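Visitor: My questions will all concern the structure given below.
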Amino acid sequence: MILDLSDPLVIGGGAVALVMLVLIALVAVLTARLGDVTRGQAHLAGTLGVLRDQQRAGEAQVGDALGASAEKTAQALGDLQRRLATIDAAQTKIEALSADVLGLQDILTNKQTRGAFGEIQLRDIVARALPPDGFTWQATLSNGRRADCLIHMPDPPGPLVIDAKFPLESYEALIADPKDPRAVTAFRAAIRTHVRAIAAKYILPGETAEGACLFLPSEAIHAELHANHADVVREAFGLRVWIVSPTTTMATLNTLRAILKDHRMREQAGAIRAALAALHRDVELIVERAGKLETHFDQARRDVEGIATAAERAGKRADRLDAFDFAEDAAPAPPRLAPVIRRG
């Protein structure tokens with residue numbers, strides 16, 4: 001069939017067919033584009049899902065981090081609170097200690113209370129080192145003087161006096177200005193005066209020992225004396241006054257305790273010998289009575305053996321009587337007795 005291109009119908013049909021082809025091509029292109037868009041949407045949805053998961057994971061991590069940070073912050077605040085409580089308690093103790101220090105300063109400022117403080121420290125040392133009957137507090141001497149502590153030592157050397165007072169004011173002035181010659185002079189004079197007073201009051205021939213002790217309840221004063229004022233210490237030695245600190249007092253008292261123990265052992269030596277003699281007599285009596293008791297046991301054993309022999313004969317005779325055997329018995333042999341063993 002030959003198409004007539006001049007025929008309007010043919011031309012119209014061709015145009016329609018062309019339009020249809022164009023439309024089909026457009027539909028195919030749009031369908032392809034729509035598929036691309038769908039795939040893009042799916043990819044976008046997947047990407048959004050990944051982003052959502054990442055966001056959730058990030059939110060969880062942020063939440064965990066915030067929780068851990070909050071926990072650490074709470075722990076730090078708790079530690080801080082405890083430390084503040086400890087600081088408050090320490091502050092309270094410091095305030096109490098400050099009050100005690102002020103109280104101690106008040107005590108040491110007054111001479112009477114200062115002497116009582118030194119005596120209390122001396123009491124503690126003496127009570128630890130000596131037996132209760134080895135010393136007396138505030139003992140009155142024949143001259144009417146009252147000694148802080150009297151150690152009951154045997155003669156010789158005799159009772160030993162320990163004085164518990166100490167010159168604090170002059171020492172504090174010396175510590176405040178060690179280079180002040182007036183403070184040095186006042187300190188040395190106070191020590192000398194106190195040493196001479198002890199020598200005059202507490203060293204009594206025939207009543208006390210030939211020396212006495214000046215107790216300083218401060219190692220610092222004792223060290224200052226021996227380090228920088230040796231001549232004062234030598235002067236005290238010349239007056240037979242021994243300057244002692246808490247440490248040297250304990251060492252001295254331990255030596256005195258050994259002397260007291262040795263003296264008491266010598267005093268009890270006669271009583272110990274008498275007790276040993278009585279013990280020896282008791283042992284001799286025990287040995288003698290043990291020998292007598294052994295003799296009694298031997299006699300009892302022989303008696304028991306005789307009783308057993310007699311019982312045996314009586315049993316045999318009872319058997320013959322039971323059997324109507326009245327034959328005359330032969331003369332019985334005398335019982336054999338165990339020999340008597342004499343001891344001692």
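Visitor: So which of Leu122, Leu150 ends up being open to solvent by 10 Å² or more (accessible area, probe 1.4 Å) and either closer than 20 Å to Ala251 by Cβ or of a type outside the set (Asp, Glu) (or both)?
Guide: Step by step, each of Leu122, Leu150 is checked, and only Leu150 is open to solvent by 10 Å² or more (accessible area, probe 1.4 Å) and either closer than 20 Å to Ala251 by Cβ or of a type outside the set (Asp, Glu) (or both).
Visitor: What number goes with the only condition from (1) at pLDDT 80 or above; (2) open to solvent by 70 Å² or more (accessible area, probe 1.4 Å) that Ala290 does not pass?
Guide: (2)
Visitor: Looking only at the stretch 225-241, count how many residues are within 18 Å of Pro167 (Cα to Cα), of a type outside the set (Val, Ile, Thr) and in contact with a helix residue (DSSP H, G or I) (Cβ under 7 Å, 6 or more places away or on another chain).
Guide: 5
So that you can scan it fast, the table gives a plain yes or no per residue for (1) open to solvent by 90 Å² or more (accessible area, probe 1.4 Å); (2) within 57 Å of the chain's Cα centre (by Cα):
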| position | (1), (2) |
| --- | --- |
| Val27 | no, no |
| Leu30 | yes, no |
| Arg33 | yes, no |
| His43 | yes, no |
| Gly63 | no, yes |
| Leu77 | yes, yes |
| Ile87 | yes, yes |
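Visitor: So Gly158 ticks every box in (1) at positive phi; (2) of a type outside the set (Lys, Arg); (3) open to solvent by 70 Å² or more (accessible area, probe 1.4 Å) but one. Which box is left unticked?
Guide: (3)
Visitor: Take Ala310 and decide whether it is in a loop (DSSP other than H, G, I, E, B), open to solvent by less than 100 Å² (accessible area, probe 1.4 Å) and at pLDDT below 85.
Guide: So Ala310 does not fit the description; no.
The values are calculated or read from the model by the stated rules, or taken from the named source; none is laboratory data. Given the structure is predicted, the values throughout are model-derived calculations rather than measurements. Positions of Cβ are generated from backbone atoms using ideal geometry, with glycine treated the same way; all protein chains shown enter the neighbour counts. Ligands, DNA and RNA are stripped out before the accessible areas are found, and what is left, the full protein with its side chains, is counted by its heavy atoms. Shrake-Rupley method; radii C 1.70, N 1.55, O 1.52, S 1.80 Å.
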